[in-house]
Amino acid sequence: MSQEEQRNSGGAPAARPGTVVVAGAGPTGLLLAGDLAAAGVDVVVLERRPEGVSNLTRAFGVHARTLEILDARGLADELVDTGQVIRELRLFGAIPFDIGRLPSRYPFLLVTPQYEVEKLLLRRALENGAVIRYGAEVLGLTQDDDGVAVSVRDIDGGDGAPYIVRAAYLVGADGVRSTVREALGLPFPGKVVIRSVALADVKFTEQPELVVRVHGTGDAFGFIAPFGDGWWRVGGWDRAHRGEPDDAPLEFEELRSLIERAFGSDYGMHDPRWLSRFHSDERQVPEYRIGRVLLAGDAAHQHSPAGGQGMNTGLQDAANLSWKLAAVLGGHAGDTLLESYHAERHPIGRAVLRTSGLNLRLAMAHNPLEVALRTVRKLVVTHVRPVTRQAVGEITGIGYSYAAPRGSHRLAGRRAPDLALGQGRLYEVLREGRFVLVLPPEETAAGAGGGSADTLPGAARRKDRLVVAPLAEGEGEAGPGDRKQPGPAAGEAALVRPDGYFAWAGPATADAIEAGLAPWLE
């Protein structure tokens, strides 16, 4: 920071050249900050909210893939203790999505308030050395080949004059009204798909089944989800109120009547602890990266609430981006690695827009054609097993893969299951933030000419960024609970990225392994 900048800042600390600045201390920004700090990167998070002010949000569901990502950070089991485990989603009264058989350590939806997720991610970020600056409003930015200059104003304290924080990279995780996105001049194409959705947390006199359900009548639809502590998240939409603005008062009787019409009962709703309205857009920015500035979470995409995938998609953005930024800043990868962030995450964001939008439109079905389409989807999803698996995989996130170059192994780009390794579970090993080279069981690997870390020169010289772990005896294609999962076949090795996706797989020989490691760990 120059003397002039230091004077304007009132002494506010400047970021060093190797720093990443993250705009936004929501779940996406906090997971990213924690990962980068754990990797030894200097991180400054700028959050407009004053410290201690609740970030009231509407997210309440954590899906299986997100729980796996949190497991790789040692947080999932603690988070599960805060909420209600749900093993079935029931849409439109007749489409049961059985997620209790997912090939995952977490075969369920966890219903828990978003602030519980934020609390754990904030603690981890601080423990790893991230700096969180509340009451710091991002005003704009400029960038060049050497870094980004972020214009910031402290809302509380100081003289309110703007000052500059310099960084190597800036990540905009500052929500749907992202200042970072606007400063880049990027469009946010899309549209409002539903207005005046009513939302509240309530208690019930009559306890419904412990499932998350969405149901509609044509003129109204509603959803209910249990937190497990006596409180239920309820919400819905009514054609009679579809034009109400977000700040229009919501009367409890309006919501109670809506739930009764949608489900045939209001279950004795009472004692709302808060009530609000919101509208839902479907939007996606065309580029997730412009130079040294990247966008993640709601700053990059906004989805309908159907399926509860918004927060989950943002957390998965952060998991994809963090290790790539750390590799580039650590001098282990070229800047082009960051291009893969957009290439991998933009299609996922687009897919979530498509599936969540379809579910919302089916919930709002009104005319005969829409109702007929909903009926057909009920039949197909209920009775055609591959379609059921695909739908469950999309909602829970475990069904998404990243594109791999033509001719790659069948595993490349796919989500890695929680394979049993000689030194524990794969996702426990991933907590080190490194790549994991999965070898066949030790005697099998040695017989194939592969061996262990000690006998693989390429692995030994990369040990600061690579863990070598043989499979446990009997592990491979069958994963936890003997559920069929993708894994290396007999005699094969596989390289798992820090975000839990397969980077490469092939014969477990020294030459093949070196060829597989080289593109990722040079």
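The values are calculated or read from the model by the stated rules, or taken from the named source; none is laboratory data. For clarity, every value in this text was computed on a predicted model and none was experimentally measured. Virtual Cβ from ideal backbone geometry, glycine too; neighbours counted across all protein chains shown.
Structure summary
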quantity	calculated
Enumeration of residues in region 149-164 that are farther than 30 Å from His279 by Cα, touching a strand residue (DSSP E or B) at 6+ places or on another chain (Cβ under 8 Å) and not in a strand (DSSP E or B)	Gly160, Ala161, Pro162
Residues being part of a helix (DSSP H, G or I) and either at pLDDT below 95 or more than 14 Å from the chain's Cα centre (by Cα) (or both) - total across region 313-346	15
Residue ID - modelled with the highest pLDDT, chosen from residues in region 270-297 that are surrounded by 20 or more Cβ atoms within 10 Å (Cβ to Cβ) and of a type in the set (Ser, Thr, Tyr)	Tyr288
Entirely in region 29-148, the strands (runs of 3 or more DSSP E) that have 1 or more residues that are surrounded by fewer than 19 Cβ atoms within 10 Å (Cβ to Cβ) and of a type in the set (Ser, Thr, Tyr)	131-134, 136-144
Looking only at region 399-423, and only at residues there that are modelled with pLDDT of 95 or more and either basic (Lys, Arg) or over 25 Å from Val352 (Cβ atoms) (or both), the one that is surrounded by the fewest Cβ atoms within 10 Å (Cβ to Cβ)	Arg410
Residues of region 259-269 satisfying the condition of being hydrophobic (A, V, I, L, M, F, W, C) and either more than 31 Å from the chain's Cα centre (by Cα) or surrounded by fewer than 16 Cβ atoms within 10 Å (Cβ to Cβ) (or both)	Met269
Among residues of region 215-250, those that are touching a Lys or Arg at 6+ places or on another chain (Cβ under 8 Å), surrounded by fewer than 17 Cβ atoms within 10 Å (Cβ to Cβ) and among the small types (Gly, Ala, Ser), counted	3
Selection within region 165-211 - surrounded by 14 or more Cβ atoms within 10 Å (Cβ to Cβ), without any contact (Cβ under 8 Å) to a residue 24 or more places away in the chain and part of a loop (DSSP other than H, G, I, E, B)	none
